[in-house]
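Colleague: Take this structure, written in structure tokens, and hold onto it; I'll ask about it next.
Read the figures in this text as sums done on the coordinates, not as results from a lab. Computed from a predicted model, the values in this text were never measured in an experiment. In this analysis, Cβ positions are derived from the backbone assuming ideal geometry, glycine residues included, and neighbour counts consider all displayed protein chains.
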Amino acid sequence: MSRGRAIGAGFLSGAIAGLVMTVVMLLLAWLFGVATPLAIFGDRLSVFIPADAFLSLMGRVGGYNHMKQLGVGSVILGQILVGALGGIVYGLIARRRRHVGFIFSGVIFILLPLAAVAIFLWPVLGTHYFGLPIGRATVVTLLGLTTAFVFFERSLVLGFRFLTRPTMRINEQEFSPPMGRRALLFGGLGILFAGGGGAGILRALYRLATFSYDGLQYKGRIVQGITPNDQFYCVTKNVVDPRVDASLWRLEVSGLVKTRQTYHLDRLKSLPAITQETTLMCISNGLDAGLMSNALWKGVPMGMLLNAATPLPGAAKVRLHGVDNYTDTFPLEKAMDPTTLVVYEMNGEPLAHRHGFPARVIVPGYFGEKHVKWITRIEVADADAKGFYETQGWGPDFIVPTRSRFDQPDHESTFQLELASKGILVSGVAFGGDRGITRVEVSFDDGASWEEAKLDYPGTKLTWALWSYNWRPEGADDYTLVVRATDGEGEVQEWDEERPFKSGTTGFHKITVHVA
Ligand SMILES: Nc1nc2c(c(=O)[nH]1)N[C@H]1C(S)=C(S)[C@@H](COP(=O)(O)O)O[C@H]1N2
Ligand SMILES: [Mo]
């Protein structure tokens with residue numbers, strides 16, 4: 001066999017084998033919730049990208065959703081490409097040796113990649129989209145990888161043999177007809193079945209994907225004291241969110257504890273519960289944005305679960321793990337606070353899948369990231385422990401600074417003076433983390449003078465407040481409206497120039513209103 005022929009046949013069978021392997025991964029993910037490199041490769045890589053680079057990359061590709069699609073797309077392409085390269089290697093080896101046995105190709109195309117991928121993906125192997133606990137999820141992920149690599153190896157070897165099999169013997173000489181037709185047949189069928197099937201599963205997964213709701217905001221005229229569940233803002237790092245099967249799911253309390261604990265959902269629900277209204281806000285929420293919502297949560301204090309496990313000396317933080325390999329930390333002291341909860345109900349209903357079914361963490365006063373969804377492990381850790389976004393470089397401050405927002409009127413809206421003088425309803429929200437809101441003021445002259453707004457929904461220390469003001473502009477003009485809030489500790493909202501954006505924005509929401 002000529003060198004060129006070995007390379008050509010290797011390339012084609014390798015690419016098809018990469019495609020077959022990708023389809024096997026898609027099937028495993030779709031049918032059994034198995035974590036595959038298609039999703040967790042991106043999880044693993046993203047912690048190496050610093051927060052600023054991450055944001056600028058996100059801006060360049062047109063948002064988080066596009067970045068996720070680009071991520072999965074690149075992994076799929078990468079797998080086919082690496083498959084093709086592997087195929088060339090195989091072709092060159094097969095050309096030299098008369099016989100390449102399974103032991104040989106199995107080591108090169110199953111065991112070696114398995115070892116390499118397992119080592120690289122080690123921190124995220126414990127992912128499972130139907131909610132298996134981390135230990136079992138790790139085994140399942142490794143089994144899934146093995147299955148996918150076996151399909152790769154077999155497709156490659158059999159494909160290569162099919163392409164290069166001698167079909168005629170003339171005078172004891174092997175003679176292979178030109179490869180063209182067979183290659184066309186093999187490539188065509190491969191793309192038809194694997195590509196077509198893969199595209200079908202991709203479409204099904206796309207419908208389940210988070211693109212339709214990731215980044216959903218809650219703001220404007222519709223805002224009420226309690227956010228309806230289906231309008232609650234939503235942020236997720238995932239391309240496809242977990243859909244946890246409650247019978248597979250467990251909550252573990254482990255790490256620096258005397259006695260590890262494991263809870264089934266029923267056991268968790270049988271513990272004495274409390275309900276607590278708490279507002280959540282994303283660290284990346286802009287001053288005018290709606291990545292902020294309020295709900296009534298029901299669950300158990302995290303401190304109760306921790307006490308049952310008895311933290312050991314040296315314990316300083318908790319590191320929380322979601323079934324999606326998301327992690328985050330906060331101080332043990334905060335975890336012990338009676339308002340820090342593990343909740344399973346939201347506004348009287350079981351948590352929706354996208355909000356963390358069957359259980360999530362509520363940690364008042366901290367940014368949304370710390371409210372880990374699909375929680376499966378509370379790890380008691382030392383002071384050095386870090387989470388997903390902390391590793392990326394977010395923070396160091398994760399405590400929500402006081403802020404306020406206009407929900408109406410719209411920025412750049414115009415009113416006729418006659419109508420305006422009867423009163424324009426100006427309203428919005430104000431949020432002071434876990435310090436509550438005691439006062440909201442509005443300025444109609446860009447901060448020169450301030451008027452006291454009415455607190456229509458004062459909320460609690462742990463929630464936002466809804467405020468309003470009946471504004472009667474005196475004349476036709478362009479007005480710059482500003483709002484500022486005072487928290488429960490008497491601190492007036494401020495613009496902290498020193499605070500890095502990685503610890504959340506501070507400042508004032510301003511809108512322009514024209515009275516004609
Ligand atoms: N397991 C897990 N928990 C998570 C996230 C995630 O991607 N995975 N996203 C976090 C972020 S960035 C925010 S702002 C909140 C959003 O919670 P919500 O979607 O219920 O509003 O969840 C946090 N908890
Ligand atoms: Mo967030």
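Colleague: Under a 5 Å amide H to amide H cut-off, with H placed in plane at 1.01 Å, what residues pair with Phe415 once short-range neighbours are removed?
Modeller: His514, Val515, Ala516
Colleague: Take each of the peptides 504-511, 190-197, average the number of other beta-carbon atoms within 10 Å over its residues, and list them starting from the highest. Don't skip to the end; give the middle numbers.
Modeller: Working: 504-511: 18.1, 190-197: 15.1.
The packing order, highest mean first, is 504-511, 190-197.
Colleague: At a 10 angstrom cut-off on C-beta neighbours, averaged per residue, how do the peptides 260-273, 42-55, 76-89 rank from highest to lowest?
Modeller: Details: 260-273: 14.4, 42-55: 16.4, 76-89: 18.9.
So the peptides 260-273, 42-55, 76-89, ranked by packing, come out 76-89, 42-55, 260-273.
Colleague: Treating the beta-carbon of each Lys and Arg as +1 and of each Asp and Glu as -1, no other charges, what is the dipole magnitude of the chain about its Cα centre, to the nearest 20 debye?
Modeller: The calculated dipole for the chain is roughly 3720 debye.
Colleague: Please report how far the C-alpha centroid of segment 215-237 lies from that of segment 447-503, rounded to the nearest whole angstrom.
Modeller: Here the answer is 20 Å between Cα centres.
Colleague: In whole Hz, with x marking every Gly and Pro, tabulate ³J(HN,Hα) for segment 76-86 from phi via Karplus 6.51 cos²θ - 1.76 cosθ + 1.60, θ = phi - 60°.
Modeller: Rounded to whole hertz, the list is 4, 4, x, 5, 5, 5, 4, x, 5, 5, x.
Colleague: Moving on to the next point. Check which residues have an amide H placed less than 5 Å from Thr438's amide H, if you skip close sequence neighbours.
Modeller: When sequence neighbours closer than 5 places are left aside, the close amide H contacts are Thr486, Asp487, Gly488.
Colleague: Here's something else I'd like to know. What net charge is computed for the residues neighbouring Gly135, neighbours being all others with C-beta under 11 Å from the C-beta of Gly135, Lys and Arg scored +1, Asp and Glu -1? Walk me through the intermediate numbers first.
Modeller: Details: positive: Arg136, Arg250, Arg377; negative: Glu252.
Taking every other residue near Gly135 into account, the sum is +2.
Colleague: Please work out whether segment 419-506 counts as rounded, prolate or oblate from its C-alpha gyration tensor, where a ≥ b ≥ c are the square roots of the eigenvalues and a/c under 1.5 means rounded, while otherwise a/b larger than b/c means prolate and anything else oblate?
Modeller: On the way: a/c = 2.64, a/b = 1.50, b/c = 1.76.
Oblate.
Colleague: Also, quick follow-up: List the pairs from Lys258/Lys370; Lys334/Lys454; Lys219/Lys386; Lys68/Lys370 whose alpha-carbon separation is above 29 Å, in the order I gave them. Write down the numbers at each step before the final one.
Modeller: Numbers: Lys258/Lys370 25 Å; Lys334/Lys454 32 Å; Lys219/Lys386 32 Å; Lys68/Lys370 21 Å.
Correct reply: Lys334/Lys454; Lys219/Lys386.
Colleague: How big is D for the chain, in µm² s⁻¹ as a whole number, if Stokes-Einstein is applied with the Kirkwood radius of its Cα pairs at 20 °C and 1.002 mPa s?
Modeller: Values: Rh = 25.9 Å.
The diffusion coefficient I find is 83 µm²/s.
Colleague: When you count, for each residue, the other Cβ atoms within 10 Å and take the mean per peptide, how do 62-73, 365-376, 230-241 rank with the highest first?
Modeller: Working: 62-73: 16.4, 365-376: 24.8, 230-241: 20.0.
The peptides rank, most packed first, as 365-376, 230-241, 62-73.
Colleague: Just to confirm my numbers, what's the Cα centroid distance between segment 365-391 and segment 52-121 in Å?
Modeller: One Cα centre to the other: 31 Å.
Colleague: Rg and Dmax of segment 229-392, using alpha carbons, in Å: what are they?
Modeller: 14.8, 47
Colleague: While we're looking at this one, here's another question. Summing Lys, Arg as +1 and Asp, Glu as -1, what charge do residues with Cβ under 9 Å from the Cβ of Ala485 carry, Ala485 excluded? Walk me through the intermediate numbers first.
Modeller: Details: positive: Arg403, Arg439, Arg484; negative: Glu441, Asp487.
Once all neighbours under 9 Å are counted, the net charge is +1.
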